[in-house]
Amino acid sequence: MSLISENSDQIPEEYLPMIIHYLKKYDNTNVDLSKPHLNPYFATNYPIIVLVYSLLIISSVLANLAMIFHVVKRRLYKDTTCAFLINIAIASTVHVTFVLPITLAVMLMQNWIFGRLICFCLPIFQDLPIHISMLTYLMIAGDRYRYLSDPIKSRIPAFVCSLGALFFAICIVLPYPIYATYLDFQNFSEAQDNQTSIRGLQMCIFNLADDIQEYMRGLFIGTYIAPLTITAYFNVKSGQELQNQEIPFPVAVYEARTNHSAKYSRQGSSVSNDVMSSIRVKQENESSGTSGTVAISNLSTSCDLEDSDLDIHKEKRTQKYIVLMTTAFAICLCPLMILRLIKPSIEETYANADHINMTYVTLVWVAFLPEFITPCLYASWQMNIKCTSTSNNNKHTHVMNK
């Protein structure tokens, strides 16, 4: 980090080529750079870009707020998975509300007007919600694998783990300002002919350090490849646990608990036998025969099997939507992560500058798509649950009528 005065003698030599390249845009003009200046490349198509970004921002904010409202209203946060999804929704809302508009403005303008603080903090704000979401998906996958492989274990505390994800993400982004340089010239005149007067010149420069490529490579592996690999492993193992269930899931939970506590098992078995004996005796007294007992037994068995099937289907459905959310997040983020990885090695010239700018604008929009896709998948998930519950109630009503 550095703040350089208007005296050109204090400008480090490594910055001079970039400053000269920047000032050539304003040759033979008197420019006030304290005001925003649109990049000429976006002069004709910026309304479309702003419209597309605005639709993404508005729809994402509304979708995430609706998801949070649904989880809180239905008290679904008692389930660890839904509690983690609230954490992702909050991070996404902050991301698209505060970070995306500033990011879009920076990409569309050719001069920097946001000052020193935003220059150093914007990279932090851009990546912090991404790291939080990545870590949250990792914890969701780990928690579900732990639960499905050993149901006796308690679920991990979502609130505490969310705070831990926030703290860890902050630690990841803390070094970012080291790789940013802020140049501030209140008044600048070209030394050659004094014909160009530049007022309010500010520059925010990134990625000039010698070890930036190694740093970006480490970030790519440590914050993208490694978490997604571990998350994919947990999701695959969870899927295998669900596919290999030879007995209904509630029975597996019951057996795990009975193996853990033999005393609890004996008490539960005694109570269950007493209840069933009372039902049989009462039915025998009312119907003066054994047909009622058989009917009650068959109905109870049928309902238990249906409930067991529904439970395993519920876990499979949950697993499917969690995998879809994680996959959408990873795929949409991948192109931008690759571009950021290779950008320090790309020499920006007049010939390719416009193509790089347009590519960056497009990939940033794609990277923010999961902020809208995740709530949509959550809505589809909940609608699927509602339809299944309605169908199940109809089946039970049909059995009771018989």
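The values are calculated or read from the model by the stated rules, or taken from the named source; none is laboratory data. It should be emphasised that the depicted structure is a prediction, and the values quoted were computed from it without experimental measurement. Here Cβ is always computed from backbone atoms with ideal geometry, including for glycine, and neighbour counts include all displayed protein chains. For accessibility, only protein heavy atoms count, side chains too; no ligands or nucleic acids. Shrake-Rupley method; radii C 1.70, N 1.55, O 1.52, S 1.80 Å.
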Taking the range 36-62, which residues are without any contact (Cβ under 8 Å) to a residue 12 or more places away in the chain and either farther than 21 Å from His95 by Cα or more than 26 Å from the chain's Cα centre (by Cα) (or both)?
-> Ala43, Thr44, Asn45, Pro47, Ile48
Residue by residue through the range 88-98, note down the ones that are open to solvent by 20 Å² or more (accessible area, probe 1.4 Å) and of a type outside the set (S, T, N, Q).
-> Ile90, Val94, Phe98
Output the residues belonging to the range 343-382 that are outside any helix (DSSP H, G or I) and β-branched (Val, Ile, Thr).
-> Ile346, Thr349
Working only within the range 48-87, note down all residues that are under 30 Å from Cys204 (Cα atoms) and open to solvent by less than 70 Å² (accessible area, probe 1.4 Å).
-> Ile49, Val50, Val52, Tyr53, Ser54, Leu56, Ile57, Ser60, Val61
Considering only residues that are open to solvent by less than 50 Å² (accessible area, probe 1.4 Å), over 16 Å from the mean Cα position of the chain (by Cα) and not aliphatic (A, V, I, L, M), look in the range 113-127 and name the one that is farthest from Cys171 (Cα to Cα).
-> Gly115
So how many residues does the range 146-174 have that are more than 21 Å from Tyr224 (Cβ to Cβ) and part of a helix (DSSP H, G or I)?
-> 8
When only residues in the range 145-179 that are in contact with a Leu (Cβ under 9 Å, 6 or more places away or on another chain) and among the aliphatic types (A, V, I, L, M) count, which is farthest from Phe120 (Cα to Cα)?
-> Leu148
Name the single residue, out of those in the range 323-371 being in contact (Cβ under 8 Å) with a residue 12 or more places away in the chain, hydroxyl-bearing (Ser, Thr, Tyr) and open to solvent by 30 Å² or more (accessible area, probe 1.4 Å), that is farthest from Met109 (Cα to Cα).
-> Ser345
Boolean, Met134 is in contact (Cβ under 8 Å) with a residue 40 or more places away in the chain, closer than 22 Å to Phe42 by Cβ and of a type outside the set (Gly, Ala, Ser) | no
When you go through Leu85, Leu117, Leu65, Leu76 one by one, which is the residue that is modelled with pLDDT under 95 and within 23 Å of Tyr378 (Cα to Cα)?
-> Leu76
Does any residue of the range 69-77 turn out to be more than 20 Å from the chain's Cα centre (by Cα) and part of a helix (DSSP H, G or I)?
-> yes
